[in-house]
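Below is one structure, written out as structure tokens; comments come after it.
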Amino acid sequence: MLHRLLQQIAEGAHPQTTAALADTLGTTPELVLQMIEQLARQGYLSASTQCADGCEGCSLKALCGVKNSGTRLWTVTEKGRQVGEILCDFPT
Amino acid sequence: MASPLANPSPEESSTKPAVIALAGQPNVGKSTIFNMLTGLNQHVGNWPGKTVEQKTGTCTYDGQKFTLVDLPGTYSLTANSEEERIARDYIIHERPDIVVAVVDAAILERSLYLVAELLLLPSPVVLALNMMDVAEQEGIKIEPQVLEAALGIPVVPMSAARGTGIQELIATVESLSAEEISYQPKRPVILPGHQVILEKIHALIEDSVPAPYQPAWVALKLLEGDDEMRALMQDALPEATWKQVHGLLYQHEDAILDIAGARYQWIGRMIRAAVVRPKIGQMGMTARLDNVLTHPVWGTVALLAVLGAVFWLTYTLGSPLQAWMGGLVEGLAEGVRNALSSTPPWFANLWADGIIGGAGMVVTFLPILVIFFAVLAILEDTGYMARIAYLTDQVMHTMGLHGKSFIPLLLGFGCNVPAILGTRIIETQRARLLTVLLAPLVPCTARMAVIMVLTPLFFGDKAGLVAWGLVAAALVILALLGILLHRVILKGEQVAFIMELPLYHLPNLRTIGLYVWHNTLAFLQKAGTIILGVSAVIWLLSYFPTGVATESYLTLFGHWLEPIGLWMGLPWQMVTALLTSFIAKENTIATLSILYGDFETALPAALTPSAALAFLVVQMLFIPCVATVATIKQEVGNRWTLVNLLLLLGLSLSAGVLVYQVGTLLGF
């Protein structure tokens, strides 16, 4: 299940919501979210920080961006991409 | 391979009270159950050698006494935290007679991962399906009997907060400890990909695993990358054997995906079997709104309507205020000129035209920005901004960007400075850099003001069409340049990502107020420092050495650039005017006024239609104002600022030459 999820994310040509991924994997958004957090813990995904690197020292850091809205983003890390690519070449 | 479940063996169970350990995630009602069962018969202390609170207590049911131990709240048993280590060490070393796994019925998926891990430990597990009332309120129906059959362990539906199910829970615990009910847990199994490796590791460590650990469980944890078990086995195994085990673990670092993946599959099966979710008609507000607002067609229509409303609101409310502030600034400039009439003329003019006229002009845009910031803050705080990012991602992705780049680019229509600063919300450095490079191509209000003043002079009643064509052309060029930069220069990382969309909610006035205040303050700080300083310098260049504009250093430089102007059919005055737009876009008009006098009648005669269009195109694509350049430098450094300036300079001049040459060929 985690392999398939990582593959879906790595192959994704556009942003994916937990609801859409849940549809694809035949499960619930809640479970997808849990798996995403697991993949992030294992270093396959990285959870975005609230601000980009350039925000260090910025007085607006606490206010700008996605912090207030509660949006969370995850991107695939190099480690995750490697596994995702292997899976794309040799579907399991 | 042996089952990781050990035979329950405490022989003293007949003499001592049976021990029940309560396990579960934080906030699933574990403490409520503990308190209801033990009442006043509880003791609070710390776990030995730890700072984590330990609660123990006793209760009696049907004449039988039980000792209850409240384990720390944990999400798994992977030794990631002190709480997880305490919970699993207690179950392994103290081996309670029964583990009651408390789960939240409303978010069953969240709780079952821990249950999957508990089933691998020696003690038998009873599932306390708590918060059934909350699940019911959410429209979630759970069938405890089906879940019981699927898990193979006793399941007790309950609602501790309402006091229901407590008696049934303790009765089930008593029956299970007396072996009156069957216990046949259906545990998750590792996916076939790594089953063979697990067996190899099991075989290598089997004889060396210290008691009370189970070799099968230790092998699994090793493959999961559990540091504590690694340290344990490194000490316990002969060095050569450990090297073999370590080699296998190193080669199969991704085994966790198969192990945890199998657990999620197992959870999925349980949920499918026993949980019925609310149907479409019962969906929450967020889901219903998202059905429309994230739909490719309806969502785009809604987005266009929202953006239209944002611009309408900003300009309808902001423009009269801007005109009013413009009047104030002009009045102030005249007042200062009069007040300084006794000083040398250059000094009075520097203050009136250079400093107040330059920096003050920028400040007049403040009302528009304040309204724009407020509207953006509302969109952000309600959760809609995340949907904008999601919807626009498709287009942005072709440029190597994602939807979040849309937000700063949108800000660019007001002013490029907050647009560049706004790129800070973009996580990846590459996407951020690309957005910074593209942002100056978004026509800001100042650039649009110049276009709006000059276009009617050249094109009369067709001015509206020409102006919209210029805006559209700038945006098409922005998209094409983005694609080019992405494909040729900045090719690189994939931007595949997942976005968790927040729930819609009413905006918080304080949050919005703070957002507007801090952004406005940052804008004013810039206007009062960089813009003010540079305005003064440029004014001095346009005044000295003789005090006559046509003999100034700036004009000399304009003459030097005359050959470039000729390729576009532009006299040197036009090139100089373009050059002064580097300070602030509006300077173009001021400079033309100085160099031509009555430029409204002089200009149409001085330029052919092709040259006029070429000038407007260059004006539209030219390097941004100095405040924007300074901000770009601050955000991406000298090298990329230079690249951006050369790129925009080359792009604007090439486009101008192309327009003029083609227009002339066509006879315009």
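A few notes on this one:
- Across peptide A:16-25, the mean count of Cβ atoms from other chains lying within 10 Å of each residue's own Cβ comes to 3.
- Think of each Lys and Arg Cβ as +1 and each Asp and Glu Cβ as -1; about the Cα centre, that makes the dipole of the range B:28-95 roughly 80 debye.
- Take each residue of peptide A:26-33, count the partner chain Cβ atoms within 10 Å of its Cβ, and average: the result is 6.
- Shielding by partners for peptide B:254-262, expressed as the average number of C-beta atoms from other protein chains within 10 Å of each residue's C-beta, is 6.
- Put simply, when B:556-563, B:337-344 are sorted by average Cβ atoms within 10 angstrom per residue, most first, you get B:556-563, B:337-344.
- The angle between the Cα long axis of helix B:509-526 and the longest principal axis of the Cα atoms of chain B comes to about 40 degrees, rounded to the nearest 10.
- Folded to 0 to 90 degrees: helix B:384-397 orientation relative to chain B principal axis, Cα: 70
- Net charge dipole size for the range B:214-292 [Lys, Arg +1 and Asp, Glu -1 on Cβ; Debye, nearest 20]: 780
- Computed over neighbours whose Cβ is under 15 Å from that of residue B:368, the net charge equals +1, Lys and Arg +1, Asp and Glu -1.
- For residue B:55, the aspartates and glutamates whose Cα comes closer than 20 Å to its Cα, not counting residues fewer than 8 places off in the same chain, are B:70, B:82, B:83, B:84, B:89, B:94, B:97.
- Normalised contact order of chain B, rounded percent, pairs of Cα under 8 Å and 6 or more residues apart: 9
- Simple Cβ-charge dipole of the protein assembly as shown, Lys/Arg +1 and Asp/Glu -1, about Cα centre, in debye nearest 20: 1700
- Rounded to the nearest 500, the helix-only mean residue ellipticity at 222 nm of chain B stands at -19000 deg cm²/dmol, with each DSSP H run of n ≥ 4 adding -39,500 (n - 2.57).
- Based on Cα contacts under 8 Å between residues 6+ apart, the range B:522-649 shows a relative contact order of 21 percent.
- Neighbourhood net charge (13 Å Cβ-Cβ; Lys/Arg +1, Asp/Glu -1) for residue B:346: 0
- Label-to-label distance, nm, for residues given as residue B:273 and residue B:550 (7 Å Cα→Cβ offset): 9.4
- Among beta bridges that DSSP assigns inside chain B, antiparallel share in %, nearest 5: 45
- Exposure proxy order (Cβ contacts within 10 Å, fewest to most) of B:666, B:521: B:666, B:521
- With respect to chain B, whose longest principal axis is taken over its alpha-carbon atoms, helix B:626-665 is tilted by about 50°.
- Theoretical gain in end-to-end length, residue B:664 to residue B:463 [0.36 nm per residue, Cα-Cα removed]: 70.4 nm
- The calculated pair-distance distribution of the protein assembly as shown uses every alpha carbon pair, bins of 10 angstrom beginning at 0, and gives 2, 12, 18, 18, 14, 11, 9, 8, 5, 2, 0, 0 percent.
- Calculated FRET value between residue A:41 and residue B:316, using beta carbons and R₀ = 56 Å, to 0.05: 0.70
- Projecting the Cα positions of B:601, B:310, B:217 onto the charge dipole of the protein assembly as shown (unit charges on Cβ atoms of Lys, Arg, Asp and Glu, taken about the Cα centre) puts B:601 furthest along the positive direction.
Values in this text are rule-based calculations from the coordinates and carry no lab data. Note that the structure is a prediction, hence the values are computed from the model and not measured. Virtual Cβ from ideal backbone geometry, glycine too; neighbours counted across all protein chains shown.
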